[in-house]
Amino acid sequence: MARFIFITGGVVSSLGKGLTSAALGALLQARGYSVRLRKLDPYLNVDPGTMSPFEHGEVFVTDDGAETDLDLGHYERFTGVAARKTDSISSGRVYQNVLDKERRGDYLGKTIQVIPHVTNEIKDFISIGEDEVDFMLCEIGGTVGDIEALPFFEAIRQFSQDKPRGQCIFMHLTLIPYLAASGELKTKPTQHSVKELRAIGIAPDVLVCRAEHEIPQGERDKIALFCNVRKEAVIPAYDLASIYEAPLAFHAVGLDQAVLDAFSIAPAPRPDLRVWRDVFDRVENPEGEVRVAVVGKYTQLEDAYKSIREALTHGGIANRVKVHAEWIDAEVFEKGTPSVALEGFHAILVPGGFGERGTEGKMKAAQYARERQIPYLGICLGMQMAVIEAARNLAGIEKAGSEEFESEGTKKFDHIVYHMKEWTEGNRTIKRTAHDDKGGTMRLGAYDATLKAGSKIEEIYGTPSISERHRHRYEVDISYRDKLEACGLTFSALSPDGKLPEIVEIEDHPWFIGVQFHPELKSKPFDAHPLFDGFVKAAVEQSRLV
Ligand code: GLN
């Protein structure tokens, strides 16, 4: 049966709980344990699928088709364990499940209450698959004291009581602010945060303290004393140049040891950190640099394209170069020509996106890459844009466009990209209408594709068939295949039934690839996705030309 580590946060949000959890998962794996990481989010959306990337950052999609929090991306990138639908839950989903059960009459006439019905639902979720791993790490979103998070805190408190003694521990992340005026680190907010936790019955076993300045031993001892935590369990967490240093940095300050001690695991197995040393060495000592332009819409928020950012870094790690990615708002091309903004980049990436705004600019970026022979990677909407651009400018279909950019009843485009209303998932037929709910109704999760023999993409993957994660409503229309292939845009991968274009490429180009799925979601620092490895390699070659 698994041991459980509950990770909570206090003082402020955005302290890096997700990253800390992911790094701890990696450290436990390095000691030979199996792990699974889970996120419990207090917001009321049923899942983050309908939230704007501006609000919530990227939506991370699992193989089994769940739209989840971006922290699951961190978990996967650090542990290599593919996340599942059952690794992410929100208050919205918890309440939806409870209310569905109430309507079905499952509660046998009882009054439905937060305790026990909501908390039981949360506890059931936490224990899913508990026999499969050595450690289950459950991160609670938000900060202690948030109104919505209370049922989650209550549930983990109860959970630890339900289990035999010593099977659950609590790890709390806080901030130790530095007051420049007095030149001091302040521990009081941490003391208050722990007090708040203890008031709801949770005593942390390990405290991770984020700080911009070194926390002297004396201050750590003080935190231990006031917060009722062992001295060795007060773990400092400083800012790092690269997130991929986190496992090594946390190990150096004793995080994994403190966790194993809290479980009374002795002697602890020795860690094997060679993979992380190699990753960090490659990040620290690049042998060159390439510049990649990412032409998108949600460019203001760092987290909106989190996985793409990371996958580019992984491509750099694989090729021993630093990838300098610059985010450019596609709308800037709609007025002027892209050449000014795109001059000097060694590769261009157009990521996924929704809605018409910025799409003409994305097409201009694709055209620029195609005509100037600059490596291009189009992801999801980025592939659709490349296809529409080729249809307009190579195949002469002037009104080529996507059904996504038309309001109902108006037809301004020839639908090179159309709204798919029926498709097969295994042996099920899925049907959709334009009036369906927006949440969870896309082609979501892992689907297979068959690669064309002898294509560039087959060489990149080195296998004839692949499985990749999808998240989209619209598809390139296969009936335009002959026309587009005649102009040099090859449909080099299709769904196994041959109906849905999955990858396009231009043969007569150093590296021009569009994919209908999201390869960035499966890339790891220690195992870069072949497309990002190949894309960065092509950028390195381009950098030698200019
Ligand atoms: N908006 C497009 C679609 O729904 C592309 C989605 C995406 O880029 N993830 O098909």
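The values are calculated or read from the model by the stated rules, or taken from the named source; none is laboratory data. Computed from a prediction, not measured in an experiment: that's the story for all the values here. Heads up, the Cβs are rebuilt from the backbone with ideal geometry, glycines too, and the neighbour counts pull from every protein chain shown. When the accessible area is computed, the model is the full protein with side chains, heavy atoms only, and any ligands, DNA or RNA have been set aside. Shrake-Rupley method; radii C 1.70, N 1.55, O 1.52, S 1.80 Å.
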Per residue of the stretch 243-254, in order, report the coupling 6.51 cos²θ - 1.76 cosθ + 1.60 (Karplus, θ = phi - 60°) as ³J(HN,Hα) in whole Hz, putting x for Gly and Pro. 5, 6, 8, 3, x, 5, 5, 5, 5, 4, 9, x
For the chain, what % of the accessible area comes from carbon and sulfur atoms, probe 1.4 Å? 48
Hey, any idea what Rg/Rh is for the chain, computing Rh the Kirkwood way over Cα pairs? 1.00
Amide H of Q373: which non-local residues (sequence gap of 5 or more, or other chain) have their own amide H closer than 5 Å, using H built in the peptide plane? none
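Mind checking Rg over Rh on the stretch 49-139, alpha carbons, Kirkwood formula for Rh? Intermediate results must be reported in sequence, preceding the final value.
Values: Rg = 15.2 Å, Rh = 14.9 Å.
Expressed as Rg/Rh, it is 1.02.
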Largest first, what is the accessible-area ranking of D482, D303, D124 with a 1.4 Å probe? D482, D124, D303
Which residues' amide hydrogens lie under 5 Å from the amide hydrogen of I397, considering only partners 5 or more residues apart or on another chain, with H built in the peptide plane? R392
Given a 1.4 angstrom probe, what's the average accessible area per residue across the chain, in square angstrom? 42
With all protein chains present, calculate the accessible area of L150 using a 1.4 Å probe and round the result to the nearest 10 Å². 90
Provide the descending list of Cα extents for the stretch 1-116 along its principal axes, expressed in whole angstroms. 49, 39, 34
In order over the stretch 107-121: 3J(HN,Hα) from phi, Karplus 6.51/-1.76/1.60, θ = phi - 60°, whole Hz, x for each Gly or Pro, gives 9, 6, x, 6, 7, 8, 9, 4, 10, x, 5, 5, 5, 5, 4
Let me see the pair-distance distribution of the stretch 479-536: every alpha carbon pair, 10 Å bin width, integer percents in order. 21, 45, 28, 6, 0
Straight-line reach check, K483, cutoff 16 Å on alpha carbons, 8 or more apart in-chain or any other chain, hits among aspartates and glutamates -> E389, E398, D414, E505, E507
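Applying a 10 Å radius around every beta-carbon, put 494-500, 173-179, 408-414, 383-389 in order of their mean neighbour count, most first.
Working: 494-500: 14.9, 173-179: 20.6, 408-414: 10.4, 383-389: 27.4.
The most tightly packed comes first, giving 383-389, 173-179, 494-500, 408-414.
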The stretch 458-516 versus the stretch 40-119: alpha-carbon centroid distance in Å: 33
Just need the relative contact order of the chain here, percent rounded to a whole number, with Cα pairs under 8 Å and 6+ apart. 15
How large is ³J(HN,Hα), in whole Hz, for each residue of the stretch 100-105 in order, when computed from phi with the Karplus curve 6.51 cos²θ - 1.76 cosθ + 1.60 and θ = phi - 60°, using x for Gly and Pro? 4, 5, 4, 5, 6, x
Those lysines that a straight Cα-Cα span of less than 17 Å connects to K335, excepting residues fewer than 8 apart in one chain: K297, K362, K364
Non-local amide H neighbours of F4 (under 5 Å, H modeled in plane, Pro and chain starts lacking H): which ones? M136, C168, I169
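Just to make sure I understand: if all protein chains stay in place, what is the order of F6, F354 by accessible area at 1.4 Å, largest first? Don't skip to the end; give the middle numbers.
On the way: F6 0, F354 75 Å².
Listed by decreasing accessible area, they come as F354, F6.
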Could you check what % of the DSSP bridge pairs in the chain are antiparallel, to the nearest 5? 35
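Please report the projected area of the stretch 397-546's Cα convex hull averaged over all directions, in nm². Could you put the intermediate results ahead of the total?
Numbers: hull surface 45.0 nm².
Hull-based average projected area comes out at 11.2 nm².
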